[in-house]
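I have placed the structure first, in the form of structure tokens, so that the comments after it can refer back to it.
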Amino acid sequence: MELSLAHPVIKAFMCGSFSGTCSTLLFQPLDLVKTRLQTLQSSMQPGSGRVGMVTVLLSVVRTERLLGLWKGISPSFARTIPGVGLYFSTYYSLKQHFFQDSNPKAVQAVLLGGGARTVAGVFMLPVTVIKTRFECGRYSYGSVTGALRSVCRTEGPAALFSGLMATLLRDVPFSGIYVMFYSQTKAALPKEISESASAPLANFSCGILAGILASLITQPADVVKTNVQVNPQLKTAEAIRCIYMEHGLQGFFRGAVPRALRRTMMAAMAWTVYEQMMARVGLKS
């Protein structure tokens with residue numbers, strides 16, 4: 001079936017999936033470095049020398065070669081292709097239902113982005129757990145399906161939903177804050193820019209600003225989420241206490257630089273590609 005003949009929600013899903021695929025392929029190394037930095041917390045003694053992003057990056061290349069930076073790309077794709085598609089199709093559906101004839105205001109944009117992320121986050125959490133374990137380097141899974149079977153067999157299906165609360169506390173505010181800042185900065189652009197050939201670049205710049213702010217605000221929840229999913233015996237409250245007792249407040253910001261770079265660039269690219277593709281299939285994003 002031609003994409004032009006498909007239902008608008010299916011078009012939004014396809015456009016979102018394509019945009020997520022492109023951004024994941026480009027920025028997977030940053031996600032791997034972020035995960036390694038965060039999981040180092042449980043194996044380092046308090047007061048030991050700080051390990052930075054460049055140190056982890058060089059270590060991965062030295063021990064696992066350059067392609068090691070893309071370890072976990074299979075579960076990333078398994079999560080991103082349907083997950084981003086589901087996010088954008090949900091976003092499109094909610095926006096068309098509640099704001100068909102108007103642009104959402106700041107608080108409404110927060111609710112719109114947060115609602116879409118809640119749906120996508122819950123559905124894709126099992127793959128997110130597997131992706132995190134692939135990247136941390138502690139598990140030797142052969143494939144995504146093999147990892148899913150192994151976790152279900154040894155830890156029970158509930159382990160696939162470990163870190164649900166921390167994931168929602170991270171992703172729902174991130175998406176809500178991102179959509180709010182992104183929509184408001186885009187609306188503030190002069191009309192001659194938003195309707196010119198440089199509009200994609202301007203939208204990308206708005207996305208970068210929104211991504212940086214949203215990433216920094218939600219960084220502590222990301223650290224907690226990673227620790228819970230790598231150590232499924234930990235509950236969210238226990239992980240928060242352990243991180244604080246061992247590393248203080250700065251422990252909640254470990255991996256902030258690679259995560260901010262990745263989330264910001266991925267979100268900016270995904271939204272820019274999504275909006276351009278939606279325009280090509282004749283839909284208002």
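Out of (1) open to solvent by 10 Å² or more (accessible area, probe 1.4 Å); (2) within 23 Å of Y91 (Cα to Cα), what's the single condition that is false for K191?
(2) is the only condition that K191 fails.
Hey, G163 hits all of (1) touching a residue at least 40 places away in the same chain (Cβ under 8 Å); (2) over 16 Å from V228 (Cβ atoms) but one; which does it fall short on?
Every listed condition holds for G163 apart from (2).
For segment 211-241, give me the residue count where each residue is in contact (Cβ under 8 Å) with a residue 24 or more places away in the chain, open to solvent by 40 Å² or more (accessible area, probe 1.4 Å) and more than 17 Å from T167 (Cβ to Cβ).
Going through segment 211-241 one residue at a time, the tally reaches 3.
In this structure, does A187 turn out to be out of contact with any helix residue (DSSP H, G or I) (no Cβ under 8 Å at 6 or more places or on another chain) and in contact (Cβ under 8 Å) with a residue 60 or more places away in the chain? Give the steps one after another, and end with the answer.
Details: out of contact with any helix residue (DSSP H, G or I) (no Cβ under 8 Å at 6 or more places or on another chain): yes; in contact (Cβ under 8 Å) with a residue 60 or more places away in the chain: yes.
Judged against the criteria, A187 is a match.
Would you tally the residues in segment 1-18 being at pLDDT 90 or above and among the hydroxyl-bearing types (S, T, Y)?
The total comes to 1.
Does segment 201-210 hold any residues that are aliphatic (A, V, I, L, M) and either buried (at least 24 other Cβ atoms within 10 Å of the Cβ) or in contact (Cβ under 8 Å) with a residue 40 or more places away in the chain (or both), and which are they?
Selection gives I208, A210.
Could you tell me which numbered condition V119 fails, if it satisfies all but one of (1) open to solvent by 40 Å² or more (accessible area, probe 1.4 Å); (2) within 30 Å of S59 (Cβ to Cβ)?
(2)
Every residue, every condition in (1) more than 16 Å from the chain's Cα centre (by Cα); (2) over 29 Å from E135 (Cα atoms), yes or no:
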site: Q184; (1), (2): yes, yes
site: E192; (1), (2): yes, yes
site: A197; (1), (2): yes, yes
site: R241; (1), (2): yes, no
site: M245; (1), (2): yes, no
site: G251; (1), (2): yes, no
site: L261; (1), (2): no, no
site: M266; (1), (2): no, no
site: Q276; (1), (2): yes, yes
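Table: residues versus (1) at pLDDT below 90; (2) more than 22 Å from A268 (Cβ to Cβ); (3) of a type in the set (K, R); (4) open to solvent by less than 30 Å² (accessible area, probe 1.4 Å).
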| residue | (1), (2), (3), (4) |
| --- | --- |
| V54 | yes, yes, no, no |
| R62 | no, yes, yes, no |
| P75 | yes, yes, no, yes |
| I81 | yes, no, no, no |
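Every residue in segment 123-179 that is buried (at least 23 other Cβ atoms within 10 Å of the Cβ), among the polar types (S, T, N, Q) and not in a helix (DSSP H, G or I), please.
S162
The values are calculated or read from the model by the stated rules, or taken from the named source; none is laboratory data. Note that the coordinates shown come from a computational prediction; the quantities given were computed from them, not determined experimentally. Here Cβ is always computed from backbone atoms with ideal geometry, including for glycine, and neighbour counts include all displayed protein chains. Only protein heavy atoms, including side chains, enter the accessible area calculation; ligands, DNA and RNA are left aside. Shrake-Rupley method; radii C 1.70, N 1.55, O 1.52, S 1.80 Å.
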